[in-house]
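One structure is given below, encoded as structure tokens.
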Number of protein chains: 2
Amino acid sequence: MRGSLIVISGPSGAGKGTVLSRLDTIYYGLTRSISVTTRAPRKGEVEGVHYFFRSDKQFDEMLSRNEFLETANVYDKRYGTPAFYVDKLLSEGKDVVLEIDTVGALNVKAMRPEAILIFLAPPSFSALKDRLVGRGTESEEQISLRLSKTAEEIAKAEKYDYIVINDEVDMAAEHLRSIIVASHLRTVNNTDFIKDFMRR
Amino acid sequence: MRGSLIVISGPSGAGKGTVLSRLDTIYYGLTRSISVTTRAPRKGEVEGVHYFFRSDKQFDEMLSRNEFLETANVYDKRYGTPAFYVDKLLSEGKDVVLEIDTVGALNVKAMRPEAILIFLAPPSFSALKDRLVGRGTESEEQISLRLSKTAEEIAKAEKYDYIVINDEVDMAAEHLRSIIVASHLRTVNNTDFIKDFMRR
């Protein structure tokens, strides 16, 4: 059976990394895609393992051939999710998780309506603020910038299929697992079963 | 939070009763609705516990007021799922399970698009035949009638949201649980959360 394409977004501080790590301990077979990037490899980064490293010209060519599920600019570098690689993993029966922002997520959904969009939300605005302050890695100004971006992001959550509130990591991971297990049971993934059954 | 309306159908011999009993041991809060019927109470049956017993005239009145999510005739008696009772349970936050046939299920979906339709299927045609023969409660003729009805029913499974194959009872119950847990996380059930978050 083809795997499910799972897209996870959420504001910084929602705990995506922590919840996804916990999910890996209770659900096997979740695979990360590999992004295409125009930035140079850093020390130790391997082509086809950490990224697919491409020139700006190559990236443009891929864009013109509609080969990305979504792209994003970070400073003057470009990143994209290559459709061919995601499709390869899905056809191998692997569930593919993309951890991308809300703009990218909605692009993926437009290209692949069967993709499952999950918004991971902090339990409340004040809880998010506490987490960001608690990290102690950012200035007050940076934190208030993040918080105002969060309000924008949460507004887009309405377009997602699911909202998982990360109040407690184990519970949030369990909720993600349920969504993924259920996704395999969707009728669209079982049409072969129906056909086989009818043929007897 | 409002509960989920879960509709389960499947051919006779698919194991609905067994799987739902197993589900009750791993998932709490699943509530059965109570049907309205025009048949007379049997010994020990209590109004509002086993059925809502109504006259044919009362049933007609309920029909004319569009008070049923679905109805069915069994011999000359009528049965119906009362919307008011299902709504009461859902608004109390209970998940309501309706175990009804495919015609009824598609009627419920038409009235309540948020209902989740799950088709519980036997693993194969031959497995189903073996189960029915193994029960030893029906004649060969009755069994072959059931099997031909099953083919009709499976064809309707394409209109369901999910197909759960009852190959192994524990797994099938676990799959139902995942579908129900995931249903609570649907964005449509979390719009209040988004609003509260935005208000801060």
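Mind giving me the FRET efficiency for B:E61 and A:T25? R0 is 41 Å, r the Cβ-Cβ distance, nearest 0.05 is fine.
Result of the calculation: an efficiency of 0.10.
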Whole-number D in µm²/s for chain A (Stokes-Einstein; Kirkwood sum over Cα pairs; 37 °C, 0.692 mPa s): 179 µm²/s
Amide H within-cut-off set for B:E70, under 5 Å, with H built and near neighbours excluded: B:T81
Could you run the Karplus curve 6.51 cos²θ - 1.76 cosθ + 1.60 with θ = phi - 60° over segment B:124-134 and give me ³J(HN,Hα) per residue in whole Hz, x for Gly and Pro? 6, 4, 6, 5, 5, 4, 4, 4, 5, 5, x
For segment B:67-78, 3J(HN,Hα) per residue [Karplus equation, 6.51 cos²θ - 1.76 cosθ + 1.60, θ = phi - 60°, Hz, x = Gly/Pro]: 8, 10, 7, 6, 9, 8, 9, 10, 6, 9, 9, 10
Rounded to whole Hz and in sequence order, give me ³J(HN,Hα) for segment A:177-191 from the Karplus expression 6.51 cos²θ - 1.76 cosθ + 1.60, θ = phi - 60°, writing x for Gly and Pro. 4, 4, 4, 5, 4, 4, 4, 5, 8, 4, 4, 4, 8, 10, 5
Please average, across the residues of A:119-125, the number of beta carbons from any other chain that are within 10 Å of each residue's own beta carbon, and give a whole number. 3
Counting other chain Cβ atoms within 10 Å of each Cβ in B:164-173 and taking the mean gives 1
Given backbone amide H placed at 1.01 Å from N, residues whose amide H is under 5 Å from that of B:I165, ignoring those fewer than 5 places away on the same chain, are B:A121
Gap in Å between the Cα centre of segment A:39-101 and the Cα centre of segment B:99-146? 46 Å
Cut-off 10 angstrom, C-alpha nodes, Gaussian network model of chain A. Which of A:A115, A:A182, A:A172 fluctuates the most? A:A182
What gaps in nm, shortest first, separate A:E140 from its twins in the other copies when you place the label 7 Å past Cα toward the beta carbon? 8.9
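Does segment A:156-200 come out rounded, prolate or oblate by the C-alpha gyration tensor, with a ≥ b ≥ c the root eigenvalues, rounded set by a/c under 1.5 and, if not, prolate when a/b is larger than b/c and oblate if not?
Verdict is oblate for segment A:156-200.
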Hey, can you rank A:100-106, A:65-71 by average C-beta count inside 10 Å, highest first? A:100-106, A:65-71
Peptide B:174-187, shielding by other chains (average Cβ, 10 Å cutoff): 6
The protein assembly as shown: Rg/Rh from Cα coordinates, Kirkwood Rh? 1.04
Choice from A:E92, A:E140, A:E153 showing the highest fluctuation, given a GNM over chain A with Cα pairs closer than 10 Å: A:E140
Based on the Cβ-Cβ distance from B:S126 to B:V49, what FRET efficiency comes out when R0 is 35 Å, to the nearest 0.05? 0.30
Given R₀ = 35 Å, what would the calculated FRET efficiency be for A:E92 paired with A:Q142, taking r from the Cβ atoms and rounding to 0.05? 0.30
For B:G48, label point 7 Å along C-beta direction: distances to other copies, nm: 7.1
Using helices alone, what [θ] at 222 nm do you get for chain A, with -39,500 (n - 2.57) per DSSP H run of 4 or more residues, divided over all residues and rounded to the nearest 500? -14000 deg cm²/dmol
Quick one: which residues, 5 or more positions from A:E99 or on another chain, have an amide H under 5 Å from its amide H? H modelled 1.01 Å from N in the peptide plane, none for Pro or chain starts. A:I8
Restricted to the protein assembly as shown, the DSSP antiparallel beta bridge percent, nearest 5, is 30 percent
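The numbers here are math on the coordinates, done by the rules we state, and not lab data. Just so we're clear, the structure is a prediction, and the values are computed from it rather than from any experiment. Positions of Cβ are generated from backbone atoms using ideal geometry, with glycine treated the same way; all protein chains shown enter the neighbour counts.
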